[in-house]
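The values are calculated or read from the model by the stated rules, or taken from the named source; none is laboratory data. On a predicted model such as this, the values are computed, not experimentally measured, just so you know. Note that each Cβ is placed from the backbone with ideal geometry, even for glycine, and that neighbours are counted across all protein chains shown.
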Amino acid sequence: MEVGREELQARVAAGDVTVLDVRPAEEYRAGHIPGAISIPVGELADRIDELPENTEIVVYCRGEYCVLAYDAVRLLTDHGRRAIRLNDGMLEWRLAGLPVPAASGTHA
């Protein structure tokens, strides 16, 4: 199951989803979907409890065909979480001209 950018933006504004970025932390710091939580896919099994249990999780990674998001959705659903994949990723988000905040304070 997947969700599109427009639907994701509406659901984030309504506060009924958690957005999860599963790319490496340095890619998240360089720019991410507004409000996204960063948990690299390799750390997700150990950090799953950091995610709220009562909201659907929308997962994204680098682009439409990035396997990291597929792996994360599978892991989350195997752990009883409601998770779906953004139908594209960071590349398409940027190309659409949507907001991409960067994390501040990453380097002194």
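Some points to look at:
- Residue match in the range 32-51 (condition: out of contact with any Gly (no Cβ under 6 Å at 6 or more places or on another chain), charged (D, E, K, R) and in contact (Cβ under 8 Å) with a residue 24 or more places away in the chain): no
- Residues in the range 78-96 that are part of a loop (DSSP other than H, G, I, E, B) and modelled with pLDDT of 85 or more: His79, Gly80, Arg81, Arg82, Asn87, Asp88, Gly89.
- Tallying residues that are among the hydrophobic types (A, V, I, L, M, F, W, C) and surrounded by 17 or more Cβ atoms within 10 Å (Cβ to Cβ) within the range 1-36 yields 9.
- Every pair of residues 6+ apart whose Cβ atoms lie under 7 Å, when the first sits in the range 1-22 and is farther than 8 Å from Leu86 by Cβ and at pLDDT 90 or above while the second is among the basic types (Lys, Arg) and assigned to a helix (DSSP H, G or I): Val17/Arg11
- Looking across the range 37-77, the residues that are surrounded by 15 or more Cβ atoms within 10 Å (Cβ to Cβ), small (Gly, Ala, Ser) and in a helix (DSSP H, G or I) come down to Ala69, Ala72.
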